[in-house]
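Written below as structure tokens is the structure these notes are about.
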Amino acid sequence: MQKGNIGVTTENIFPVIKKFLYSDQEIFLREMVSNAVDATQKLKTLAEKGEYKEELGDLTVRVALDADKGTITISDHGIGMTEEEIDKYINQIAFSGVTDFLEKYKDNANNIIGHFGLGFYSSFMVSKKVEIITKSYKEDAKAVKWSCDGSPAYEIDDAERDDHGSDIILYVDDDNKDFLEKYKLEQLLNKYCKFLPVPVAFGKKTEWKDGKQVDTEEDNIINNVEPLWTKTPSSLKDEDYKSFYRTLYPMQDEPLFWIHLNVDYPFNLTGILYFPRIKNSLELQKNKIQLYCNQVFVTDQVEGIVPEFLTLLHGVIDSPDIPLNVSRSYLQSDREVKKISTYITKKVSDRLKAIFNEDRKAYEEKWDDLKLFINYGILTEENFYDRAKDFSLLKDTEGKYFTFDEYRTLIEAAQKDKDDNLVYLYATDKDEQYSYIKAAQDKGYSVLLLDGQLDVPCIQTLEQKFEKSRFTRVDADTVDHLIQKEDKPKTDLPDAERDNLSAIFQSQMPKLDKAEFIVEVNALGQEQRPVVVTQNEWMRRMKEMSRYQSGMNFYGQMPDSYNLVLNSDHPLVKRVLDDAKTSLSEQLQPIESEIKGQEARLAALNQQTDKKKPEEITQQEKDDKAATQKAIDEQKDKKQALIGDYAQKNDIVHQLIDLALLQNGMLKGEALDRFLRRSVELIK
């Protein structure tokens, strides 16, 4: 028997491993099974070269659980090890000083393993004792047993083993008994070893017999040794890709389409990326791409490894150029990984462009599902727009699709404003904004339908990319002013009448939660509606953007601001104004005269004090100004009360306001019930 200490320059590696690898405990199984697969692959390579001439036999790697003994055993029929090789590969660890180690890798569990070749020693994260029983494939090799109880001390002794290969026996410690549950091990094997290139068996397949599940004689092989991405694309059919997708994501809808990656220069990369049908939430769909290294699972946390917008895709990427045991932060800064990221972006772009060119009709049918990826790419990837502009589409409210250039040509003649800017009109809800869409179409305008999750956030970017262009929602203004061909015509109403008309309607505007209304009077023509609700494009867009961008919460907290536009040319509005004159003229005349008189007096007082320094203004002058302003305010309040009392009893005022609110989905509950009752009364 040989005894000794593992060759490390620290006094005790094991507490350090356990402490710093704690969060990644489960990878011990990946490391053990991967080592067994490597040993098997090496034997196959030796056989191919003629250096091993015996029959290879059954090369299945087996994982066995003995809950009673508290052990997990990983067995292979690979090349095995001699005593000298154990001493070289197990007992000697190239390890720097503990101070450097703690400083450099304190937040990085995976990097410890990768940097120091400690894959085997990850077994001590869950074990109080580890044994290796191994026999080399070399002629006349004898079996040996290595054991270690979690300290630098180890023992090597003779052992019995019939054939070459290794058994790694883990005696699971008391803190990690959950790894002795069959379900837990199955879960980990399925996660990390599902596509390893050598068969991996975990127990036997079971069948239902005599009212219970019993083991059969057939091995329970948990992996597919030839996953789809390792095969030549030309040898595969659509159903093969769909079937593999169902294997990866059993509960997902069928994908839109897929891209098979296969490159061997300037780096090795294979994989299949699927475009899923995304219905709503962005975040819930991320982390669906699985990253592999030689068919060994590395991570599904791929942000920073693949471009941000492609994290919405599903599928697998496999590259031997990606280090297996490293942290995601290391992957994100690795030069080879950055090359891979750039290549994937190009490959996806080329594939989308090819699909568009080959079958535009089929591409258009997928566009409503696909545009989320494209928009996300345009928003998050600096140079993606330059690729995407060739296969990005715009859809109008009639359901027709256009490339950016096609749509510009379509609207160029009719939709330029007086400053020669091209105006892209859009709606976000075809039903809710129907009347606005119809008004714009009657005017000869085309209206886009931007109803996707990221359509509106993308507008800002498109405005920067499109030359002399802006986007305006169809309800941002009255139809004649959406695309301003000339200066707005002014109403011919005298200022006093316009102010009174505004005050009549303003006094009856409802108090809605987080909504403000500003009443304005415009001459829109007799054929236009009497009252229209509009919402400022810039302000509304800022509020919408606040949902997507941090730092814009200020806009999100602000109330929605609406304009209630009164059409002074419409007979009903004129009727309200004429009736108000008749009903209020006698009462308002002395009040308005008093207001004018007091305002003239205040102007004179201000003129007397404007040229004086603050300290030169007398107390009498200050008191006179304050008293005059108070008198003006009192008369205005009196006027407002008279107008409010009149408006309160005017059914036409209420009916016009409610019609405008109803058009915008803002009339609900009790207010809607009053409107319906009033409507019945008005048509009796």
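The values are calculated or read from the model by the stated rules, or taken from the named source; none is laboratory data. Note that the coordinates shown come from a computational prediction; the quantities given were computed from them, not determined experimentally. Neighbour counts are summed over all protein chains in view; Cβ atoms, including those assigned to glycine, are modelled from backbone coordinates with ideal geometry. Surface areas here come from the heavy atoms of the whole protein model, side chains and all, with no ligands, DNA or RNA. Shrake-Rupley method; radii C 1.70, N 1.55, O 1.52, S 1.80 Å.
Numbers below:
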item: Theoretical ellipticity at 222 nm over the chain - DSSP helices of four or more residues, -39500 (n - 2.57) apiece, nearest 500; result: -13500 deg cm²/dmol
item: For the stretch 554-684, accessible area per residue (1.4 Å probe, heavy atoms of protein chains only), Å²; result: 63 Å²
item: Positive-pole candidate from MET558, SER583, ASN536, dipole of the chain, charges at beta carbon; result: SER583
item: Listed peptides 519-530, 26-37 by packing density, highest first (mean Cβ within 10 Å); result: 26-37, 519-530
item: Shape call, the stretch 228-269: gyration tensor on alpha carbons, a/c limit 1.5; result: prolate
item: Trypsin sites (Lys or Arg not before Pro) restricted to the stretch 443-501 and DSSP loop, no more than 15 other C-beta within 10 Å; result: LYS443, LYS468, LYS485, LYS490
item: DSSP bridge orientation in the chain - percent antiparallel, rounded to nearest 5; result: 70 percent
item: Packing-based order for 595-608, 186-199, 613-626, 168-181, using average beta carbon neighbours within 10 Å, highest first; result: 186-199, 168-181, 595-608, 613-626
item: Length added when fully stretched, THR247-GLU616, from 0.36 nm per residue minus Cα-Cα; result: 124.0 nm
item: Computed accessible area, LEU662, all protein chains, 1.4 angstrom probe, square angstrom; result: 80 Å²
item: Approximate spin-label separation ASP513-SER679, in nm, with each point projected 7 Å along Cα-to-Cβ; result: 2.5 nm
item: Cα-based reach from LYS182 at 22 Å (exclusive), listing lysines while leaving out same-chain residues under 8 positions away; result: LYS69, LYS128, LYS129, LYS191, LYS194, LYS204, LYS205, LYS209, LYS212
item: Taking the stretch 347-465 and dividing mean pair separation by its residue count, relative contact order in percent (alpha carbons under 8 Å, at least six apart); result: 25 percent
item: Percentage relative contact order, the stretch 420-541, counting C-alpha pairs under 8 Å, at least six apart; result: 27 percent
item: Residue (of MET251, ILE518, PHE505) at the positive-pole extreme of the chain, dipole from beta-carbon charges; result: PHE505
item: Average Cα contact separation per residue, the chain, under 8 Å, 6 or more apart, as relative contact order %; result: 8 percent
item: Contour minus Cα-Cα distance for GLU55 and THR409 (0.36 nm per residue); result: 120.3 nm
item: About the Cα centre, charge dipole magnitude for the chain (Lys/Arg +1, Asp/Glu -1 at Cβ), debye; result: 1400 debye
